[in-house]
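One structure is given below, encoded as structure tokens.
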Amino acid sequence: MSKYSNKLKLEVVKYYNEQHCGYRCVANKFNIPSMTTVKKWIKNIVNMEKRDY
């Protein structure tokens, strides 16, 4: 089981896209200890979107 819910992950990615702030900014906003975690989530969403086209 994942430490973070899919709902939170999508919320984080949405916030990143709408606010145009960096990975660290988003991680701090959502109390996620590692900005690398945020970066991975964003990368995964982008890759999923590319597959859908």
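Values quoted throughout were computed directly from the atomic coordinates according to the rules given, and no laboratory measurement underlies them. Fair warning: this is a prediction, and the values are worked out from it, not measured in the lab. Positions of Cβ are backbone-derived with ideal geometry, glycine not excepted, and every protein chain shown enters the neighbour counts.
Quick look at the values:
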| read-out | value |
| --- | --- |
| Degrees between helix 35-52 axis and first principal axis of the chain (Cα, 0 to 90, nearest 10) | 20 degrees |
| Per-residue [θ]222 nm for the chain (sum of -39500 (n - 2.57) over DSSP H runs n ≥ 4, rounded to 500) | -23500 deg cm²/dmol |
| Identified option (computed Kirkwood radius over Cα pairs in Å; candidates [x] 11.3; [y] 15.2; [z] 12.2) | [x] |
| Mean separation of Cα contacts under 8 Å (6+ apart) over length of the chain, as relative contact order % | 28 percent |
| Lys pairs under 16 Å by Cα in the chain, provided they are eight or more residues apart or on distinct chains | 14 |
| Trypsin sites (Lys or Arg not before Pro) within the chain: DSSP coil, no more than 14 neighbouring Cβ in 10 Å | 3 |
| Rounded to the nearest 20 debye, dipole of the chain from Cβ charges on Lys, Arg, Asp, Glu | 200 debye |
